[in-house]
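A short worksheet on the structure shown next.
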Amino acid sequence: STAQIGVTGLAVMGRNLARNFARNGYTVALHNRTNARTRALVEEFGDEGNFVATESAEDFVAALERPRRLVVMVKAGEPTDAVIAEFAPLLEPGDMIIDGGNAHFADTRRREKELRERGIHFVGTGVSGGEEGALNGPSIMPGGSPESYDSLGPMLEKISAKAKNGDPCVTHIGPDGAGHYVKMVHNGIEYADMQLIGEAYQLLRDVAGRSPAEIAEIFRTWNTGRLDSYLIEITAEVLAHTDADTGKPFVDIVLDQAEQKGTGRWTVQIALDLGVPVSGIAEAVFARAVSGHAGLREASQHLAGPSPRAMGEDEAAAFADRVEQALYASKVVSYTQGFHQIAAGSEQYEWNIDLGKVAAIWRGGCIIRAAFLDRITQAYEAQPGLVSLLADKGFAEEIAAAQDDWRTVLTTAVTHGVPTPALAATLAYYDSLRAPRLPAALTQGQRDYFGAHTYHRTDRDGTFHTLWGGDRTEIDA
Ligand code: NBP
């Protein structure tokens, strides 16, 4: 038993993670259901480090030094349970199973509990950064017991991405499902980011009349400022790309039906259960759904829209600047909503998640890495009990400076008939929080009228009902 870590499941993610461990000096035991994958890895990359290729579960487990650290990178869902069922009987108390797949945190909670009862640490771990990240340094979000992090943390810190200041992009998120939960919300925020960028693109295209190549340049400029992020960077690359077959902009030859694997949908489903308004993320998930309803869209081509309006050159240039303001403000709001969801999950499941640390480990490696995450960390460090990112003075001031443009962009979008669901939902959230009074008072009145659901008053304590069907006197309920 010579290997400090083992990886089973050697498709793109597992194979790159195994190589990453090996390149960092660890001896890595390898295993895959289909042995051909294991052999291929050793053949192609065996000279990158020390690998111990194994072809059975028993040999794999025997190759690992104790306490064993066994990383599972198989397809999430039933395959994960199958792998646990295969390996758990071969393990001993104190050993660790690290699930790096995109598991649902509820599954992780169940698996962690079952394995804990057998003395095995189950470390549900979010891994972000795609195959590139897995190889060169992902952002890593491990849950599970503090003891497991003591043993595993230093290794994860070594293979993880590093932020610009050198900090490793990994931290112990919290017990049982906390890591996979945070990874889920990370992906939800990623959906919102992508949708907001998509809406900004469409406004620049359809309202400001810019070509994809011109928009690529605009995004490149934005990427040098406060929007500096991986997603803005790759957006410029995609927009600048020309299709080799047709010579057309690549973005114009791709079918406009967005697919999804489910983590965005989970985020919204859980947000509904917890009562957390993540409207930016929800609109992003719905926008992908709308795009995929090809028949519905086809049948709607006759629906009326506004008369086309052309924008003068000066106006278009000024509009592009306004779109940057709107995109930034909406981005701040969607992160605000995502962090609210993490805080709510942390409270519900007693995870005690440090929100500032979550922002800090997203600064490198992951898909939503962005310069402004530093600001989020600073905001939570300055005020650990911060109720909302919008309550941070710095963010509030930035949005105050952006809001006129944000509103102009949305009224322009409406006038031109360009759909901007996520930009609009995030502004509506902002205005809802700001509003001194909400029509919820009327909602309560309606509920009391049709269902005697009662209401509270602003001027005195108690629960009340009005006799709507009678003389409309108010009674204590
Ligand atoms: P896949 O999700 O495509 O899974 C393929 C692997 O699962 C293969 O090693 C396969 O073995 C194994 N497997 C399956 Br399928 N059923 C199995 C079973 N019943 N027992 C044992 N092994 C089984 O691989 P991936 O794209 O590398 O992703 C791995 C995990 O990482 C997933 O959970 C994914 O959601 C997550 N993730 C992926 C990304 C990404 O960018 N792709 C990013 C972050 C996280 P075989 O070779 O014998 O078929």
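With outside any loop (DSSP other than H, G, I, E, B) and open to solvent by less than 70 Å² (accessible area, probe 1.4 Å) as the only criterion, which of GLY198, GLY247 stands out?
Matching residue, one of GLY198, GLY247: GLY198.
Return the pair list, or none, for Cβ contacts closer than 7 Å from residues in segment 24-52 that are acidic (Asp, Glu) to residues that are open to solvent by less than 50 Å² (accessible area, probe 1.4 Å) and more than 16 Å from the ligand (Cβ to nearest atom), at least 6 apart or on different chains.
These pairs meet every condition: GLU48/ALA22.
Hey, can you tell me all the residues within segment 42-52 that are open to solvent by 60 Å² or more (accessible area, probe 1.4 Å) and either closer than 13 Å to THR2 by Cβ or among the aliphatic types (A, V, I, L, M) (or both)?
Listed by number, the list holds a single entry, ASN50.
Condition check ((1) under 21 Å from GLY129 (Cα atoms); (2) at pLDDT below 95; (3) of a type in the set (Lys, Arg)) across all residues:
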position	(1), (2), (3)
THR8	yes, no, no
ALA18	yes, no, no
GLU58	no, no, no
VAL83	no, no, no
LEU90	no, no, no
ARG116	no, no, yes
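Any residue in segment 450-477 that's within 18 Å of ALA440 (Cα to Cα): show its pairings with residues that are open to solvent by 60 Å² or more (accessible area, probe 1.4 Å) and at pLDDT below 95 at Cβ separation under 6 Å, as long as the two are six or more apart or on different chains.
Listed by first residue and then by second, the contacts come to THR454/ALA477; THR463/ALA477; PHE464/ALA477; HIS465/ALA477.
Could you tell me how many of the residues in segment 1-38 are surrounded by fewer than 22 Cβ atoms within 10 Å (Cβ to Cβ), within 15 Å of the ligand (Cβ to nearest atom) and within 28 Å of the chain's Cα centre (by Cα)?
Qualifying residue count for the region: 2.
Assess whether GLY119 counts as being away from the ligand (no atom under 16 Å from the Cβ) and free of Cβ contacts under 8 Å to residues at least 12 places away in the same chain.
The answer is no for GLY119.
Tell me, which helices (runs of 4 or more DSSP H) lie completely within segment 269-363 with 2 or more residues that are touching a Phe, Trp or Tyr at 6+ places or on another chain (Cβ under 8 Å)?
279-292, 313-349, 355-361
Which condition from (1) in contact with a Pro (Cβ under 9 Å, 6 or more places away or on another chain); (2) surrounded by 14 or more Cβ atoms within 10 Å (Cβ to Cβ); (3) within 20 Å of GLY126 (Cα to Cα) is the one that SER346 breaks?
(1)
Criterion first (within 16 Å of the ligand (Cβ to nearest atom), buried (at least 20 other Cβ atoms within 10 Å of the Cβ) and touching a residue at least 24 places away in the same chain (Cβ under 8 Å)) does GLY130 satisfy it?
no
Looking at (1) touching a residue at least 24 places away in the same chain (Cβ under 8 Å); (2) in a helix (DSSP H, G or I); (3) open to solvent by 20 Å² or more (accessible area, probe 1.4 Å), can you tell me which one VAL414 breaks?
Result: VAL414 passes all but (1).
Can you report the number of residues in segment 143-168 which are under 18 Å from ARG19 (Cβ atoms) and assigned to a loop (DSSP other than H, G, I, E, B)?
Result for segment 143-168: 2.
Which of the residues belonging to segment 212-244 are assigned to a loop (DSSP other than H, G, I, E, B) and open to solvent by 40 Å² or more (accessible area, probe 1.4 Å)?
The answer is THR224, ARG226, ASP228, HIS241, ALA244.
Would you pick out the residues in segment 430-462 that are open to solvent by 50 Å² or more (accessible area, probe 1.4 Å), over 30 Å from PHE395 (Cβ atoms) and among the β-branched types (Val, Ile, Thr)?
none
Looking only at segment 133-158, which residues are hydroxyl-bearing (Ser, Thr, Tyr) and either open to solvent by 80 Å² or more (accessible area, probe 1.4 Å) or closer than 18 Å to GLU112 by Cα (or both)?
Answer for segment 133-158, where residues must be hydroxyl-bearing (Ser, Thr, Tyr) and either open to solvent by 80 Å² or more (accessible area, probe 1.4 Å) or closer than 18 Å to GLU112 by Cα (or both): SER145, SER148, TYR149, SER151.
Within segment 74-82, identify whether any single residue is surrounded by 15 or more Cβ atoms within 10 Å (Cβ to Cβ) and under 22 Å from ARG23 (Cα atoms), and answer yes or no.
yes
Which residue out of ASP176, ASP167 is in contact (Cβ under 8 Å) with a residue 24 or more places away in the chain, open to solvent by 10 Å² or more (accessible area, probe 1.4 Å), more than 22 Å from GLY119 (Cα to Cα) and out of contact with any Ser or Thr (no Cβ under 6 Å at 6 or more places or on another chain)?
Selected residue: ASP167, the only one of ASP176, ASP167 that is in contact (Cβ under 8 Å) with a residue 24 or more places away in the chain, open to solvent by 10 Å² or more (accessible area, probe 1.4 Å), more than 22 Å from GLY119 (Cα to Cα) and out of contact with any Ser or Thr (no Cβ under 6 Å at 6 or more places or on another chain).
Looking at segment 364-387, can you tell me whether even one residue there is among the aromatic types (Phe, Trp, Tyr), open to solvent by less than 50 Å² (accessible area, probe 1.4 Å) and part of a helix (DSSP H, G or I)?
Checking segment 364-387: at least one residue is among the aromatic types (Phe, Trp, Tyr), open to solvent by less than 50 Å² (accessible area, probe 1.4 Å) and part of a helix (DSSP H, G or I).
Six or more apart or on different chains, Cβ under 6 Å: which pairs go from a residue in segment 91-107 that's under 24 Å from ALA271 (Cβ atoms) and open to solvent by 20 Å² or more (accessible area, probe 1.4 Å) to one that's assigned to a loop (DSSP other than H, G, I, E, B) and within 15 Å of the ligand (Cβ to nearest atom)? Could you list them?
Listed by first residue and then by second, the contacts come to ASN102/ALA76.
Would you be able to tell me the number of residues in segment 39-92 that are assigned to a loop (DSSP other than H, G, I, E, B), under 34 Å from the mean Cα position of the chain (by Cα) and within 14 Å of the ligand (Cβ to nearest atom)?
The qualifying residues number 5.
The values are calculated or read from the model by the stated rules, or taken from the named source; none is laboratory data. Everything numeric in this text was worked out from a predicted model, so none of it was measured. Here the Cβ is made from the backbone with ideal geometry for all residues, glycine too, and neighbour counts use every protein chain on show. Note: areas computed on protein heavy atoms with side chains; ligands, DNA, RNA excluded. Shrake-Rupley method; radii C 1.70, N 1.55, O 1.52, S 1.80 Å.
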